[in-house]
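Participant: Quick one: the structure is below, and I'll ask about it shortly.
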Amino acid sequence: MEYIVINGQNPLKGSISISGAKNAAVAILPAAIASGGVCVIDNLPQIEDVCNLVAAMESMGAKCKFENPDTLVVDTSKITGHTLDDKLAKNTRASYYFMGALLGRFKYADVPLPGGCDLGSRPIDYHLKGFAALGATCIQEHGVVKLRAEKLRGANIYLDCPSVGATINIMIAAVFAEGTTTIENAAKEPHIVDTANFLNKIGAKIGGAGTGTIRIVGVPALGGGEYTVIPDPIETGTYMIAAAITGGDVTVENIIPKHMDSLTAKLREMGCTISEGGDWIRVQGASALRPCEVKTAYYPGFPTDLQPQMATLLCRAQGTSTITENIFEHRYRYIGELKRLGAQLKVEGRMAVTKGFCEFTGARVIASDLRAGAALVIAGLCAKGQTVIGGVSHLDRGYERFEEKFRSLGADITRIQRDS
Ligand code: UD1
């Protein structure tokens, strides 16, 4: 068993380079299955989710070779299988993007229901309704989604809510649909734009990504090409919040500051000093943090993937703060573990309330999912004494070399192996 051990209360100082965006990379890799050519994908984060998706692609006959740790050359010209193995599908949430990619290119896909973080019920009904609107039959049997079509036809598809996964999945399949597809009430997250840019680079005709209406003009086939994944806004935000909670002074580099506007605004409201340039943001902590209200929302709103980290920071503010989680019903599961470190947070329905200024003290805790793990690391960094965090595999799924990166900023953080 692996554990992360943190001896807290070192203010983080220095600069850190942010890796490629997890949620963009995990969409672009399955989208490459649709390509049929050779794609060179650069700035991939070195995380477990990427390794799992590469293994899934190889299992279907893709030839994958890392030119260097963050550059993958993938040849999908000779895909031999259109069926994804159950274990490979359950390793990651993003395995659902193989549905859109295989259906689009081969009109045939057998993909087990995906895994990923347990944040409550995470249905994929919008994905399936979208595929059906494009002309596919969708049957779910023994936990496997079976998609078939003679051919796909463009359609007007309205999403009941701007689901990230449904927007990307339908967009990938619709690349091959005859005529024009319109996705209304589409998600606008940066990784939607990144996936559309990748698909356009290899021959797709997608317009409007990043707005609520995406238009896709179908093409018969895609080619290959080179593409660089955008920097990770959630990794960026995690380091920004870690800087704030330790009263540190950290510059996050190789980022897109615009993607961070919702967090930057909240950190300023709390009293942190923030400066930014073309591809960096500097966060200087405040001697006393002010409380505030945070409500998660679809982009450009405050991201649900930064909610646990932000709630941890709000526990240190001088006064009462509220957090409202509007995207996932069970995104407060980390709070029980955070309380072991001293957090005082009360959950009522979608809202969590903290009266603020709690002293975190080190304890043994377990990460229940990826961002829950990030919140515990952040709490451990400002806690008095030693914090030992289990469930490290969750963190490895989404953060590249995080102990090394935190250590480079002055944190006392190590990974150990022990039996229990
Ligand atoms: C993606 C991200 C995840 C992030 C989330 C919200 C990936 C791999 N994961 O997850 O990190 O937290 O967006 O930004 O990119 N919904 C339905 N039916 C559907 C699809 C979604 O009811 O068919 C609901 C969900 O239950 C949820 C909401 O819509 O309440 C948003 O989900 P969605 O944006 O699809 O999230 P994911 O794609 O699962």
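The values are calculated or read from the model by the stated rules, or taken from the named source; none is laboratory data. Worth saying up front: this structure is predicted, and the values here are computed from it rather than measured. All Cβ positions, glycine included, derive from the backbone under ideal geometry; neighbour counts span all protein chains shown. Side chains are part of the model used for accessible areas, which takes the heavy atoms of the whole protein and leaves out ligands, DNA and RNA. Shrake-Rupley method; radii C 1.70, N 1.55, O 1.52, S 1.80 Å.
Participant: Would you kindly compute the Cα radius of gyration of region 207-343 and its largest Cα-Cα separation (Dmax), both in Å?
Facilitator: 17.6, 59
Participant: Quick one: Debye curve from the alpha-carbon atoms of the chain only, equal weights, vacuum; give me log10 I(q)/I(0) at q = 0.06, 0.08, 0.09, 0.14 Å⁻¹ to two decimals.
Facilitator: -0.24, -0.43, -0.54, -1.22
Participant: List, in order, the whole-Hz ³J(HN,Hα) value for each residue of region 334-350 obtained from phi through the Karplus relation with A = 6.51, B = -1.76, C = 1.60 and θ = phi - 60°; use x for Gly and Pro.
Facilitator: 6, 5, x, 6, 5, 5, 4, 8, x, 5, 10, 10, 10, 9, 10, x, 7
Participant: Further question: When the label point is put 7 Å from the Cα of Glu226 along its Cα-to-beta-carbon vector, which residues of region 40-68 have a backbone N closer than 19 Å?
Facilitator: 40-45, 64-68
Participant: Whenever you get a sec, line up Glu48, Glu150 from highest to lowest accessible area (probe 1.4 Å, protein heavy atoms). Mind showing how you got there, number by number?
Facilitator: Details: Glu48 85, Glu150 180 Å².
The ordering from most to least exposed comes out as Glu150, Glu48.
Participant: Which order do you get for Lys22, Lys355 if you rank them by accessible area with a 1.4 Å probe, largest at the top?
Facilitator: Details: Lys22 20, Lys355 150 Å².
The residues order as Lys355, Lys22, largest area first.
Participant: What distance in nm separates the two pseudo spin-label positions at Val73 and Ser408, each 7 Å out from Cα along the beta-carbon direction?
Facilitator: Those two pseudo-labels are separated by 2.7 nm.
Participant: Any chance you could run the full-extension gain for Ser59 through Asn156? It's 0.36 nm times the residue separation minus the Cα-Cα distance, nm to one decimal.
Facilitator: Numbers: separation 97, 0.36 × 97 = 34.92 nm, distance 3.37 nm.
Between Ser59 and Asn156, full extension yields an extra 31.6 nm.
Participant: So the label point goes 7 Å from the Cα of Asp42 along Cα→C-beta, right? Which residues of region 205-240 then have their backbone N under 20 Å from it?
Facilitator: Zone members listed by number: 223-233.
Participant: Over all alpha-carbon pairs of region 143-195, lay out the pair-distance distribution in 5 Å bins, whole %, shortest bin first.
Facilitator: Histogram of Cα-Cα distances, whole percents per bin: 5, 18, 27, 24, 18, 8, 1.
Participant: Next question, about the same structure. Stretched out fully, how many nm does the piece from Ala265 to Asp279 gain, at 0.36 nm a residue minus the Cα gap? Provide the component values of the computation, followed by the final result.
Facilitator: On the way: separation 14, 0.36 × 14 = 5.04 nm, distance 1.73 nm.
Taking 0.36 nm per residue and subtracting the Cα distance, the gain is 3.3 nm.
Participant: Turning to a different aspect of this structure: For Leu152, what residues show an amide H to amide H distance below 5 Å, using hydrogens built from the backbone and excluding near sequence neighbours?
Facilitator: Glu178
Participant: Okay, next question. Could you work out, for region 33-137, what percent of all Cα-Cα pairs fall into each 10 Å distance bin, beginning at 0 Å and stopping at the bin that holds the largest distance?
Facilitator: 15, 44, 34, 8, 0
Participant: May I ask you to evaluate 6.51 cos²θ - 1.76 cosθ + 1.60, the Karplus curve with θ = phi - 60°, for each residue of region 138-145 and list the ³J(HN,Hα) values in order in whole Hz, giving x for glycine and proline?
Facilitator: 10, 10, 10, 9, 6, x, 10, 8
Participant: Take the solvent-accessible surface of the protein heavy atoms, probe 1.4 Å, and return the percent of it on the chain that carbon and sulfur atoms account for.
Facilitator: Numbers: 7830 of 15750 Å².
Taking all protein chains in place, the chain shows 50 percent carbon and sulfur surface.
Participant: Sticking with this one: Find the Cα radius of gyration of region 298-420, compare it with 2.2 N^0.38 Å by division, and give the number to two decimals.
Facilitator: Numbers: Rg = 14.2 Å, N = 123, 2.2 N^0.38 = 13.7 Å.
Ratio of Cα Rg to 2.2 N^0.38 Å: 1.03.
Participant: With N residues in region 152-275, what two-decimal value do you get for its Cα radius of gyration over 2.2 N^0.38 Å?
Facilitator: On the way: Rg = 17.9 Å, N = 124, 2.2 N^0.38 = 13.7 Å.
The value comes to 1.30.
Participant: Here is a follow-up. HN-Hα J couplings of region 284-300 from phi, Karplus 6.51/-1.76/1.60, θ = phi - 60°, integer Hz, Gly and Pro as x?
Facilitator: Each residue's phi maps through the Karplus curve to give 10, x, 10, 5, 9, 8, 8, x, 7, 9, 10, 10, 6, 7, 5, 4, x Hz.
Participant: To continue, here is another question. Express in whole angstrom the spacing between the alpha-carbon centres of region 296-334 and region 342-407.
Facilitator: Answer, in whole Å: 13.
Participant: Moving on to the next point. For Ser17 and Ala286, what is the calculated FRET efficiency with R₀ set at 22 Å and r taken between the beta-carbons, to the nearest 0.05?
Facilitator: The value I calculate is 0.30.
Participant: Obtain the nm distance between the two label points defined at Asp118 and Ser393 by a simple spin-label model: each point lies 7 Å from its Cα along the Cα-to-C-beta direction.
Facilitator: 1.3 nm
Participant: With a probe of 1.4 Å, find how much accessible area region 350-420 has per residue, and write the answer as a whole number in Å². Could you put the intermediate results ahead of the total?
Facilitator: Details: 2790 Å² over 71 residues.
It amounts to 39 Å² per residue over region 350-420.
Participant: I'd like to verify something in the chain: which complete DSSP H helices, judged by Cα projection on the helix axis, reach 24 Å or more and average at least 0.0 on the Kyte-Doolittle scale?
Facilitator: Details: long enough: none.
The qualifying helices: there are none.
Participant: Just need the relative contact order of the chain here, percent rounded to a whole number, with Cα pairs under 8 Å and 6+ apart. Display every interim value, and only then the final one.
Facilitator: Values: 1078 pairs, mean separation 87.7, N = 420.
Computed value for the chain: 21 percent relative contact order.
Participant: Further, regarding this structure: Could you calculate, for region 70-216, the ratio of the Cα radius of gyration to the Kirkwood radius, expressed as Rg to Rh?
Facilitator: Details: Rg = 14.4 Å, Rh = 15.3 Å.
Here the Rg-to-Rh quotient is 0.94.
Participant: Tell me the mean residue ellipticity at 222 nm calculated for the chain from its helices only (DSSP H runs of n ≥ 4, each -39500 (n - 2.57), averaged over every residue, nearest 500).
Facilitator: Details: 14 runs with 134 residues, N = 420.
After summing the helix terms and dividing by the residues of the chain, the value is -9000 deg cm²/dmol.
Participant: Using the per-residue mean of other Cβ atoms lying within 10 Å as a proxy for protection, in what order, highest first, do the peptides 393-399, 152-158 fall?
Facilitator: In descending order of packing, they fall as 393-399, 152-158.
Participant: While we're looking at this one, here's another question. If the only charges are +1 at each Lys and Arg Cβ and -1 at each Asp and Glu Cβ, what is the size of the charge dipole of the chain around the Cα centre, to the nearest 20 debye?
Facilitator: Working: 43 positive and 43 negative charges, 110 e Å.
In total the dipole reaches around 520 debye.
Participant: Here's another thing I want to ask about it. What full-extension length gain, to one decimal in nm, is calculated for Glu2 and Arg333 as 0.36 nm per residue of separation minus the Cα-Cα distance? Let's see the in-between values first.
Facilitator: Details: separation 331, 0.36 × 331 = 119.16 nm, distance 2.12 nm.
Length difference between fully extended and current span is 117.0 nm.
Participant: What's the magnitude of the charge dipole for region 162-251 around its Cα centre, counting Lys and Arg as +1 and Asp and Glu as -1 at the beta-carbon? Answer in Debye, nearest 20.
Facilitator: Working: 4 positive and 8 negative charges, 66 e Å.
Magnitude of the dipole: close to 320 debye.
Participant: Hey, how many Å between the Cα centroid of region 21-70 and the Cα centroid of region 208-279?
Facilitator: The two parts, judged by their Cα centres, are 21 Å apart.
Participant: Could I have the simple spin-label model distance between Gln318 and Ala297, label points 7 Å from Cα toward Cβ, reported in nm to one decimal?
Facilitator: 2.9 nm
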